[in-house]
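Everything below concerns the one structure shown next.
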Amino acid sequence: MIKKVLYFPLIAGLMLSIGSCSVFEDKKANTKSGTSQQQKSKKGPKPYTKVITKSAKTDEGLFKVHHVDQKYYYEIPDSLFNREMLMVTRIAKTAKGIGFGGGKQNEQVLRWQKKGDRVNLRVVSHEISAADSLPVHEAVVNSNFEPILYSFKVEAYKKDSVSNNTVIEVTDLFNKDVKAIGLQQSRRGSYKISRLDGSRSYIDTIRSYPKNIEVRHVKTYNAGKPPSNSSNGSISLEFSNSMILLDKEPMQRRYFDQRVGWFTSRQTDYGLEDHKSKTVEYLDRWRLEVKDEDIEKFKKGELVEPKKQIVYYIDRATPKKWRKYIKQGIEDWQVAFEAAGFKNAIIAKNPPSVEEDPDWSPEDARYSVVRYLASPIPNANGPHVSDPRSGEIIESDINWYHNVMTLLKNWFFVQTAAINPDAQKMNFDDEVMGRLIRFVSSHEVGHTLGLPHNMGSSVAYKVEDLRDPEFTKKYGTAPSIMDYARFNYIAQPGDGDVALMPNIGPYDKYSINWGYRPILGKTAKEEKEILDQWILEKAGDPKYRFGKQQIGGLIDPSSQTEDLGDDSMLASEYGIKNLKRIVPNLTKWTAEDGKNYDDLDQMYNQVLSQFNRYMGHVTANIGGVYEYYKTYDQEGAVYVHTPRDKQIRAMQFLDKQLFDTPEWLLDHEIFNKIESDGHLDRLKSYHERTINNLLDFGRFARMMENEEMNDDAYTPIEMMEDLRSSLFKELRRGQEISRTRRNLQRVYISRMGELMTEKQSSLPARYRSYISRSNIDVENSDIRALVRGELVTLQRDLKTAARRTRDTMTQYHINDAIERIEMILNPNGK
């Protein structure tokens, strides 16, 4: 390090003395090279006033931004070279089918670096690190060379009493096709983009603020497959680029613990005493700090306001009648921050009007905004932008798609209409819809605070408690609003005034306290012991358990989406009772003079979807494994197989509610208004989904391991025997087999054929870290032997039944089933 300190000034001084000598050279000595020297000087920096002329329009801020004759210049103070800045690229304006306004395209840390008479814009990575005081730091630097995003020549220098400034022209940075600050590569492929059309691309505005620079630029791409306006053969979008100066001293990290769910940033640290590189994970969270004058109050347990509040603005495009509900959803989180010691930590505001501030923009990185998007997508989401060095959330935008209200209406109708008159119609009163909007607003704000989905929350409450008005008014319908525990489908008519949805619950308050409460006078490492103690205080209480969202497959039946209560079978039974009350009323509740039957069709399909959710909730218990995050200082297993009796009850539920034809769903008074045909195939598709889900390779793997380890396991053989007995019960009784049951039995035989020939699909490497799946070598497992044995037994039973049946169609079906099985067992006809 000493060599470096001495070395660079010496080199700089040497260059200065060489350059100075030419000033005193004889003019005659330069005669021969005069022309080349003039050409060289023209290529080098010019006098400041030759570049930034009197006609320049200058915007003061982080950098001075000059607009001169259709060109844009940045004037960069020496003090800001090598400072880290976060660049966020978003779509600001778009056309139909091409993303949405506010959609983030890229996020990267940049560094402006001067090299002679050039300025390089470099991309900084924080994926690997080591303390600069350690010898290994040099190796980390050498392995983390920063690529150059763009290189600029220096146009001029300006030296004054305050600072030395460097002027560069940035027009081409935004006019040319620099992919890192334009359209995502994945979208380029989808639209078959060939190139950027420079004649139809331009910079709209560049504005400089004290800590950020905001750029708006329009880009037009030639596209072979534009999603709209296809006759143009191109797409045009307006992008916004926010460049934000990061603090010299990052916020103190708070280290992640998987027992409390959180969005995180991470680094591979080579400087730890672990005899290996180690990934260090830390929370993404807002910087909430106690004011110096309030520290003693905070220590005494008094609520204090933070130095800087979390402020969300409501997009100007938001319909006025919904704004107050979105605001309420934001400020609902105040109770959680009070648990962390802060009052008024999070507030919602209206933005300034166009008259008050015509330059106000929701893309401006200084503002966190609930964006209202004119999009048919029925959804909302809450992304955020964070400092990768510390996890500090810098700003966040909640994207609110217009059609999320359709989604809310459908859920609220199908899950509560049986007990709730407010939901028994197609157009809800504004107050009812407003309450639903508030609910979704709260959920999405939770994401922007750093909280992921907690799918393990809703099982904390007993099913019967969700029918209790007193209990639900006090605790809501789940301990966390971050679960997908939508509305109370369990409550029955006559239960009284039960709560219909969750609020900010016990888990939400606990997690915000754990992530945000300042621990004064402690380093990040010293905090860990205290944070661990906070977790242990709540350990074993299901209200404070975190269960991750499972993507790609369900292993843990207690961390499912859309479920309620601690018993899937009982909860789903109550849910089906309510669906049975809704179906006979669908025509009446969707009716409106002069309208066709589209709403009836839509809501009937919502009933089917809800019914299918119940089947999934129950199936997950068979071969399920609970996951309880624990550390060495906690007793008990992390992974626990679902109890045998619960798995048997799940099989019995499927037999009763799905495999025995659910006649209540086959309402011909509905069918004759919405379709000419299709209900048989529709029911078959639901049978097929559950059969394929049940006979899943991963489920077999878990059941076989459970059988190997536990004497009281529900074994694969038992499950297969129970399933065969359920699906083919007519064979024992000599009964006629109905058409819906014949379809069901063919679905089963087809799946058994797949189990005999297919292998478990391989997962691409990029998905392995977050896809939930149990893996098995199918070919060399017991699966094929088990399936073969079941098919042999079924074929024998079919042959016996064929001699007894008197119904012609049943006879044909049995003979066909025998042949199908034969083709599976002996595909070569031997």
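Lysines within cross-link reach of Lys595: Cα-Cα under 27 Å, excluding same-chain residues under 8 positions apart? In chain and number order, the partners are Lys321, Lys409, Lys425, Lys580, Lys673.
Using a cutoff of 8 angstrom between alpha carbon atoms and counting only pairs six or more residues apart, the relative contact order for the chain works out to 8 percent. The order of Leu121, Leu744, going from fewest to most other C-beta atoms within 10 Å of their C-beta, is Leu121, Leu744. Look at the alpha carbon pairs under 8 Å that are at least 6 residues apart: their mean separation over the length of the stretch 292-404 gives a relative contact order of 25 percent. Between the beta carbons of Asp797 and Asn612, assuming R0 = 30 Å, the FRET efficiency works out to 0.55 to the nearest 0.05.
Could you tell me which residue out of Trp664, Gln745, Pro827 lies farthest along the dipole of the chain toward its positive end? Charges go on the beta carbon: Lys and Arg +1, Asp and Glu -1, centred on the Cα centre. So the residue furthest toward the plus end is Pro827. Modelled this way, with points 7 Å down the Cα-to-C-beta line, the labels at Lys115 and Asp160 are 3.0 nm from one another. Counting only DSSP beta bridges with both residues in the stretch 292-404, tell me the antiparallel percent, nearest 5. Antiparallel: roughly 30 percent of the beta bridges in the stretch 292-404. Using a simple spin-label model with points 7 Å from Cα along the Cα→Cβ vector, what separation in nm is obtained for Lys343 and Glu527? A separation of 2.5 nm, rounded to one decimal place.
Rounded to the nearest 10 degrees, the inclination of helix 34-43 to the longest alpha-carbon principal axis of the chain is 40 degrees.
The calculated FRET efficiency for Asp593 paired with Ser738, based on their beta-carbon distance and R0 = 41 Å, is about 0.60.
Think of each Lys and Arg Cβ as +1 and each Asp and Glu Cβ as -1; about the Cα centre, that makes the dipole of the chain roughly 3200 debye. With 0.36 nm allotted per residue and the present C-alpha distance subtracted, the Asn350-Asp69 stretch has 97.5 nm of extension available. Here the chain carries DSSP beta bridges of which approximately 80% are antiparallel, counting only pairs with both residues inside. At an R0 of 30 angstrom, the distance between the Cβ atoms of Lys473 and Lys577 translates into a FRET efficiency of 0.85.
The modelled label-to-label distance between Asp655 and Asp430, using points 7 Å beyond Cα along the C-beta direction, is 5.5 nm. Relative contact order of the stretch 47-245, taken over Cα pairs closer than 8 Å and 6 or more residues apart, is 24 percent. Axis angle, to the nearest 10 degrees, between helix 697-709 and the longest C-alpha principal axis of the chain: 70 degrees. Under 20 Å of direct C-alpha separation, and excluding same-chain neighbours fewer than eight residues apart, Lys525 reaches these lysines: Lys276, Lys278, Lys630. Residues Arg682, Arg254 in ascending order of nearby Cβ atoms (within 10 Å, fewest first): Arg682, Arg254. Look at Lys300, Lys104 and count the other Cβ atoms within 10 Å of each Cβ; fewest to most, that gives Lys300, Lys104.
The slack in the chain from Arg644 to Glu146, taken as 0.36 nm per residue of separation less the alpha-carbon distance, amounts to 173.7 nm. Straight-line reach from Lys96: taking Cα to Cα under 20 Å and skipping same-chain neighbours fewer than 8 places apart, the lysines in range are Lys104, Lys192, Lys219, Lys225. Entry for the stretch 145-193 at q = 0.17, 0.19 Å⁻¹: log10 I(q)/I(0) = -0.71, -0.79, Debye formula applied to identical alpha-carbon scatterers, no solvent contribution.
All of the numbers you see were taken from the coordinates with simple rules; none came from a lab. What you see is a predicted model; the values in this text were computed from it and never measured. In this analysis, Cβ positions are derived from the backbone assuming ideal geometry, glycine residues included, and neighbour counts consider all displayed protein chains.
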